[in-house]
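Working notes for the structure below.
FYI, it's all coordinate maths here, none of it is from the lab. What you see is a predicted model; the values in this text were computed from it and never measured. We place every Cβ from the backbone using ideal geometry, glycine too, and count neighbours over all the protein chains shown.
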Amino acid sequence: MIAAAEGHSQAGLAMAKLTFEVLTLFPGILAGPLSESMLKRAQEKGLLAVRLWNIRDYTGDKHRTADDSPYGGEAGMVLKPEPLFRAVEAVKAACPGDETLTILLSPQGRLFDQHYAERLSRETRRVILLCGHYEAIDERVKDAVVDEELSLGDYVLTGGELAALVVIDAAARLIPGVLGDEESAYRDSFGDGLLDHPHYTRPAEYRGMKVPEVLLSGNHDAIGKWRRRQSLRATLIKRPDLLETADLTDEDRKVLQELKKNLKL
Ligand code: 4F9
């Protein structure tokens, strides 16, 4: 559909488009994943835009040096401030007047989660994702350029690139129109803060293992109850911490009490 590719719905109304400007020393790390599957389709549909900027293009010397040893002496290298300041300025110069949100991917950031992904999917500002590599980036970049520091979890990667991809992917699938109608239901899997229930497809029996009877019953009320119960059960067993913030009904709490009794928890 040509209209969609131009970022407009058939009715001629402008569609929301989420735009990422990724600053990295290794754009090749992101290029492959961005050209496959849903991320590729989202860009083709005009719902997502991702531009890759090579930080090395904004170095100042003939050796294109992006890092240097730390003041105070310690192991590792630090990304120099000049190329990062200049790269961010180049992004902003390429879209004068546009509002931006600059996010640094780092283990020192606040934890990324589904709520963050949902908010990001509705972001109207251009999102600048800053990927560090090596051990650290000069603190002055954080002070003067970065709005938010974002972490995937308590571990260290070789750089922020894979984290940036995770953030782009999690937000992109929540943009209306990116997933087909059939797939959109899956959006809710984490939406209420519970783990997903089990899924089955044909055959109804495989190597002696049967699909739960209720799923073949056609009784949608019973199926809904079974799925909810399975979600609660999986969450209780594998991630009980999630139950403290999950969106629970009185019926859910009754089911949980019963599950706890049965599981002797
Ligand atoms: C970024 C780790 C986000 C976890 C960036 C090294 C990182 C990271 N979450 N590790 N550079």
Query - Whole-number percent relative contact order across segment 31-119, with pairs defined as alpha carbons under 8 Å at least 6 apart - result: 17
Report task. Only helical DSSP H runs with n ≥ 4 go in: add -39500 (n - 2.57) per run for the chain, normalise by residue count and round the 222 nm mean residue ellipticity to 500 deg cm²/dmol. Result -> -10500 deg cm²/dmol
Report summary line: Treating only Lys and Arg (+1) and Asp and Glu (-1) as charged, each at its beta carbon, one finds that segment 133-265 has a dipole about its Cα centre, in Debye to the nearest 20, of 1220
Report task. Name the residue farthest towards the positive end of the dipole of segment 131-175 from the options LEU157, ALA144, ALA170, assuming +1 on Cβ of Lys and Arg, -1 on Cβ of Asp and Glu, about the Cα centre. Result -> ALA170
Query - Convex hull of the chain built on C-alpha atoms - directionally averaged projected area, nm² - result: 20.7
**Report entry** Linear extension gain, GLU258 paired with LYS40, 0.36 nm per residue minus alpha-carbon span
**Finding:** 74.0 nm
Query raised in the report: What shape does segment 50-204 have by the C-alpha gyration tensor, where a ≥ b ≥ c are the square roots of the eigenvalues, rounded means a/c under 1.5, and otherwise prolate means a/b greater than b/c and oblate the rest?
Result: prolate
**Report entry** Gain upon complete extension [ASP68, ASP181; 0.36 nm per residue less C-alpha separation]
**Finding:** 35.7 nm
Query raised in the report: So how far apart, in nm, are the two label points at ASP192 and GLN108 if each is 7 Å from Cα heading toward Cβ?
Result: 4.0
Report task. Please work out whether segment 97-174 counts as rounded, prolate or oblate from its C-alpha gyration tensor, where a ≥ b ≥ c are the square roots of the eigenvalues and a/c under 1.5 means rounded, while otherwise a/b larger than b/c means prolate and anything else oblate? Result -> oblate
Query raised in the report: Which value, in nm² and rounded to one decimal, describes the direction-averaged projected area of the C-alpha convex hull of segment 187-265?
Result: 6.2
**Report entry** Two-decimal log10 I(q)/I(0) for segment 40-118, as the Debye equation yields it once each C-alpha is a single scatterer, q = 0.11, 0.19, 0.20, 0.22 Å⁻¹
**Finding:** -0.47, -1.11, -1.15, -1.20
Report task. Work out which helices of the chain, taken as complete DSSP H runs, extend at least 24 Å along their axis over the Cα atoms and score a mean Kyte-Doolittle of 0.5 or more, then list them. Result -> none
Query raised in the report: At THR201 and ARG119, where each label point lies 7 Å from the Cα along Cα→Cβ, what is the point-to-point distance in nanometres?
Result: 3.6
Report summary line: Once both label points are put 7 Å beyond Cα along the C-beta direction, the TYR155-ASP247 separation in nm becomes 3.0
Report summary line: Percent antiparallel among DSSP beta bridges confined to the chain, rounded to 5, stands at 20
Report summary line: Fewest to most Cβ atoms within 10 Å: SER37, SER151 sort as SER37, SER151
Query raised in the report: Hey, with R₀ at 30 Å, roughly what FRET efficiency would ALA144 and ARG56 work out to, going by the Cβ-Cβ distance, to 0.05?
Result: 0.90
Report summary line: Within the chain, excluding any chymotrypsin sites (Phe, Trp or Tyr not before Pro) found in a DSSP loop (not H, G, I, E or B) and having at most 14 other Cβ atoms within 10 Å, the longest uninterrupted segment runs 72-154
**Report entry** Within straight-line cross-link reach of LYS17, lysines at Cα separation under 22 Å, skipping those fewer than 8 residues along the same chain
**Finding:** LYS40, LYS45, LYS92
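Net charge within 14 Å of GLU135 by Cβ-Cβ distance, Lys/Arg positive one each and Asp/Glu negative one each, not counting GLU135 itself?
Value of the local net charge: -4.
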Requested in this report: Would you kindly work out the equivalent ellipsoid of segment 139-248 from its C-alpha gyration tensor and give its semi-axes, the square roots of five times the eigenvalues, largest first in whole Å?
Outcome: 37, 17, 15
